[in-house]
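A.B. asks: After the structure tokens below, expect a handful of questions from me.
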Amino acid sequence: MKAIVLQENREFRLETVEIPQPESNQIQVKIMASGFNPIDYQMTENGSERKLIHSPILGREFSGIITAIGSEVTEFKIGDAVFCGSGSMGSNGTYAEYICVPEGIVVKKTQNISFEQAAGIPSVGLTALQAFKRMDASLTDSILITGAAGGVGNIFIKLLIAKGFSNFVVTAGNEESIVSLVDLGVKAKQIINYKKEDIYETALSLNENKKFDIAVDLVGNNVAEIAAKLLKINGIYIDVTNFSTPESRGILFSRGASIYNISNYAYGIEKQYDYYKNGLTELSHLLENEIISPPNISIVGELNKETVEKALSILKENKTSGRKLIMNINK
């Protein structure tokens with residue numbers, strides 16, 4: 001099969017490699033589309049994310065068609081259209097024509113979404129769903145959401161609105177992001193343009209000069225510090241980024257905050273496959289019944305070195321404009 005392989009010098013190359021064969025509890029999938037995530041470029045750098053590399057073929061989510069099944073597989077058959085957040089649980093990453101994954105993390109694709117849309121759901125969808133559930137908010141709670149126009153924020157806002165929440169304030173940094181949030185159902189008065197307005201002062205004024213019950217940080221770094229300052233004593237802080245700072249952690253400690261770190265990776269390490277199956281099944285139900293819509297996507301290209309390099313550059317420069325980046329594989 002064709003695959004994009006990360007070399008020792010950290011460059012990518014299109015190579016022909018062996019097609020993986022399924023173990024007894026696995027399915028083999030012909031990948032139709034693959035999603036890109038910030039962790040993909042982070043794993044090529046010197047940071048802590050390099051430890052997550054389990055294959056020189058990167059990529060952590062996909063959609064496709066089952067082409068073979070292991071002897072113990074019971075839920076699927078050859079020809080089923082599926083999608084999955086494979087993370088580090090597959091035979092290889094998803095920058096490839098085929099992958100084998102445990103059947104326990106796979107869900108059938110609903111007919112009302114495309115393969116490209118399905119490939120963009122697992123990472124942002126599972127992250128948003130976990131954040132939404134763990135914050136355990138009531139409809140009267142005040143919620144601050146930073147970076148709401150990104151991939152995770154897009155699904156998170158859709159979940160909030162679908163569940164009847166309206167007492168929230170979000171931040172965004174450009175007109176395109178603001179328009180995308182308004183299209184989701186966010187009122188213009190709930191949006192802070194951090195390029196033109198001071199986040200701290202504006203957020204307070206939008207919340208009747210009160211600190212927030214919950215802060216959901218999708219940005220990190222200096223924005224994490226502002227979000228921490230806007231949280232009430234004993235408030236709930238949802239950290240999706242792992243980019244908190246010593247100052248933000250100090251503020252949160254002094255305010256006695258409950259901090260929830262959101263991670264999909266932990267469940268894969270512990271082989272708690274039900275997390276993936278149940279989460280994707282719930283998201284699939286919401287999508288099928290049009291309670292939420294799939295993320296906005298941008299198809300970067302087909303399976304080649306140039307597509308991967310372009311997508312990772314866009315992610316690194318934070319120029320996705322709120323769209324999930326997708327690579328077509330077997331089209």
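A.B. asks: Is it fair to say residue 97 is open to solvent by 10 Å² or more (accessible area, probe 1.4 Å) and farther than 17 Å from residue 25 by Cβ? Explain how you work it out, then say what you get.
C.D. replies: Working: open to solvent by 10 Å² or more (accessible area, probe 1.4 Å): yes; farther than 17 Å from residue 25 by Cβ: yes.
When the stated conditions are applied, residue 97 passes them.
A.B. asks: Would you mind stating whether residue 18 is in contact (Cβ under 8 Å) with a residue 12 or more places away in the chain, open to solvent by 10 Å² or more (accessible area, probe 1.4 Å) and not hydrophobic (A, V, I, L, M, F, W, C)?
C.D. replies: yes
A.B. asks: Using the structure shown, decide if residue 299 is in a strand (DSSP E or B), free of Cβ contacts under 8 Å to residues at least 40 places away in the same chain and either touching a His at 6+ places or on another chain (Cβ under 9 Å) or not basic (Lys, Arg) (or both).
C.D. replies: On the way: in a strand (DSSP E or B): yes; free of Cβ contacts under 8 Å to residues at least 40 places away in the same chain: no; either touching a His at 6+ places or on another chain (Cβ under 9 Å) or not basic (Lys, Arg) (or both): yes.
It is false that residue 299 is in a strand (DSSP E or B), free of Cβ contacts under 8 Å to residues at least 40 places away in the same chain and either touching a His at 6+ places or on another chain (Cβ under 9 Å) or not basic (Lys, Arg) (or both).
A.B. asks: For the stretch 100-108, state whether one or more residues are open to solvent by 10 Å² or more (accessible area, probe 1.4 Å), modelled with pLDDT of 95 or more and more than 24 Å from residue 324 (Cβ to Cβ). Give the derivation first.
C.D. replies: If we filter the stretch 100-108 for residues that are open to solvent by 10 Å² or more (accessible area, probe 1.4 Å), which is where we start, we get 103-104, 107-108.
With the extra rule that they be modelled with pLDDT of 95 or more, the set shrinks to 103-104, 107-108.
Okay, now just the ones that are also more than 24 Å from residue 324 (Cβ to Cβ), so 103-104.
Among the residues of the stretch 100-108, at least one is open to solvent by 10 Å² or more (accessible area, probe 1.4 Å), modelled with pLDDT of 95 or more and more than 24 Å from residue 324 (Cβ to Cβ), which makes the answer yes.
A.B. asks: Please go through the stretch 209-224 and pick out each residue that is surrounded by fewer than 17 Cβ atoms within 10 Å (Cβ to Cβ) and under 17 Å from residue 190 (Cβ atoms).
C.D. replies: Just the residues of the stretch 209-224 that are surrounded by fewer than 17 Cβ atoms within 10 Å (Cβ to Cβ), to begin with: 209-210, 221-222.
Selection gives 209, 210.
A.B. asks: Given (1) within 17 Å of residue 122 (Cβ to Cβ); (2) touching a Leu at 6+ places or on another chain (Cβ under 7 Å), identify the lone condition not met by residue 297.
C.D. replies: It is condition (2) that residue 297 fails.
A.B. asks: Okay, next question. What pairs come out if I take residues in the stretch 99-114 that are part of a loop (DSSP other than H, G, I, E, B) and pair them with residues that are among the aromatic types (Phe, Trp, Tyr) whose C-beta lies under 6 Å away, six or more apart or interchain?
C.D. replies: 109/83
A.B. asks: Could you grab me the full set of residues in the stretch 138-176 that are surrounded by 21 or more Cβ atoms within 10 Å (Cβ to Cβ), polar (S, T, N, Q) and modelled with pLDDT under 95?
C.D. replies: Within the stretch 138-176, 154 is the sole residue that qualifies.
A.B. asks: Same structure again: Residue check, residue 219 against (1) touching a residue at least 60 places away in the same chain (Cβ under 8 Å); (2) within 19 Å of residue 233 (Cα to Cα), all met but one. Which one?
C.D. replies: (2)
A.B. asks: If I go through the stretch 302-311 residue by residue, how many of them are more than 24 Å from residue 105 (Cβ to Cβ) and outside any loop (DSSP other than H, G, I, E, B)? Before you say what the answer is, go through the steps one by one.
C.D. replies: Within the stretch 302-311, the subset more than 24 Å from residue 105 (Cβ to Cβ) is 302, 304-307, 309-310.
Of the ones still in play, those that are also outside any loop (DSSP other than H, G, I, E, B) are 305-307, 309-310.
Of the residues in the stretch 302-311, 5 are more than 24 Å from residue 105 (Cβ to Cβ) and outside any loop (DSSP other than H, G, I, E, B).
A.B. asks: Same structure, new question: Can you tell me how many residues in the stretch 8-32 are in a strand (DSSP E or B) and under 20 Å from residue 69 (Cα atoms)? Spell out how you get there, then give the answer.
C.D. replies: Residues of the stretch 8-32 that are in a strand (DSSP E or B), as a first pass: 12-16, 26-32.
Cutting the leftovers down to under 20 Å from residue 69 (Cα atoms) gives us 26-32.
So the answer is 7.
A.B. asks: A further question follows. Give me the residue from the stretch 27-43 that is open to solvent by less than 10 Å² (accessible area, probe 1.4 Å) and touching a residue at least 40 places away in the same chain (Cβ under 8 Å) and, out of that set, farthest from the chain's Cα centre (by Cα). Can you show your working first?
C.D. replies: Taking the stretch 27-43 and keeping what is open to solvent by less than 10 Å² (accessible area, probe 1.4 Å), we get 27, 29, 31, 33-36, 40, 43.
Now restrict to residues that are touching a residue at least 40 places away in the same chain (Cβ under 8 Å): 27, 29, 31, 33-36, 40.
On the way: 27: 23, 29: 21, 31: 19, 33: 16, 34: 13, 35: 10, 36: 9, 40: 12 Å.
Filtering first and then ranking leaves 27.
A.B. asks: Does the stretch 163-179 include one or more residues that are part of a helix (DSSP H, G or I), more than 21 Å from the chain's Cα centre (by Cα) and over 20 Å from residue 293 (Cα atoms)?
C.D. replies: Yes, that holds for at least one residue.
A.B. asks: Something else now. Can you name every residue in the stretch 312-331 that is within 26 Å of residue 81 (Cα to Cα) and assigned to a loop (DSSP other than H, G, I, E, B)? Step through it out loud before you land on a result.
C.D. replies: The first filter runs over the stretch 312-331 and keeps only residues within 26 Å of residue 81 (Cα to Cα), leaving 323-331.
Correct list: 323, 329, 330, 331.
A.B. asks: Does the stretch 79-92 contain any residue that is surrounded by fewer than 16 Cβ atoms within 10 Å (Cβ to Cβ) and either part of a helix (DSSP H, G or I) or free of Cβ contacts under 8 Å to residues at least 60 places away in the same chain (or both)? Break it down into steps so the answer makes sense when it comes.
C.D. replies: So in the stretch 79-92, the residues surrounded by fewer than 16 Cβ atoms within 10 Å (Cβ to Cβ) come out as 79, 88.
So of that shortlist, the ones also either part of a helix (DSSP H, G or I) or free of Cβ contacts under 8 Å to residues at least 60 places away in the same chain (or both) come out as 79.
Within the stretch 79-92, one or more residues are surrounded by fewer than 16 Cβ atoms within 10 Å (Cβ to Cβ) and either part of a helix (DSSP H, G or I) or free of Cβ contacts under 8 Å to residues at least 60 places away in the same chain (or both).
A.B. asks: Considering only residues that are of a type in the set (Val, Ile, Thr), at pLDDT 95 or above and under 23 Å from the mean Cα position of the chain (by Cα), which ones fall in the stretch 241-278? Give the derivation first.
C.D. replies: At the first step, the residues of the stretch 241-278 found to be of a type in the set (Val, Ile, Thr) are 241, 245, 251, 259, 262, 269.
Applying the additional criterion that residues be at pLDDT 95 or above yields 251, 259, 262.
259, 262 - these are the residues of the stretch 241-278 that are of a type in the set (Val, Ile, Thr), at pLDDT 95 or above and under 23 Å from the mean Cα position of the chain (by Cα).
A.B. asks: Looking at the stretch 181-208, which of its residues are more than 22 Å from residue 139 (Cβ to Cβ), buried (at least 17 other Cβ atoms within 10 Å of the Cβ) and within 26 Å of the chain's Cα centre (by Cα)?
C.D. replies: Across the stretch 181-208, the qualifying residues are 194, 199.
A.B. asks: If a residue must be among the small types (Gly, Ala, Ser) and crowded, with 21+ Cβ neighbours inside 10 Å, how many such residues does the stretch 280-328 contain? Quick ask: steps written out before the conclusion?
C.D. replies: Step one: filter the stretch 280-328 for residues among the small types (Gly, Ala, Ser), giving 284, 293, 298, 301, 311, 313, 321-322.
Among the residues that remain, those that are also crowded, with 21+ Cβ neighbours inside 10 Å are: 311, 322.
Looking only at that region, the number is 2.
The values are calculated or read from the model by the stated rules, or taken from the named source; none is laboratory data. Bear in mind that the values here come from a model prediction, so they are computed numbers and not experimental data. Every residue, glycine among them, receives a Cβ derived from its backbone with ideal geometry; neighbour counts consider all protein chains shown. When the accessible area is computed, the model is the full protein with side chains, heavy atoms only, and any ligands, DNA or RNA have been set aside. Shrake-Rupley method; radii C 1.70, N 1.55, O 1.52, S 1.80 Å.
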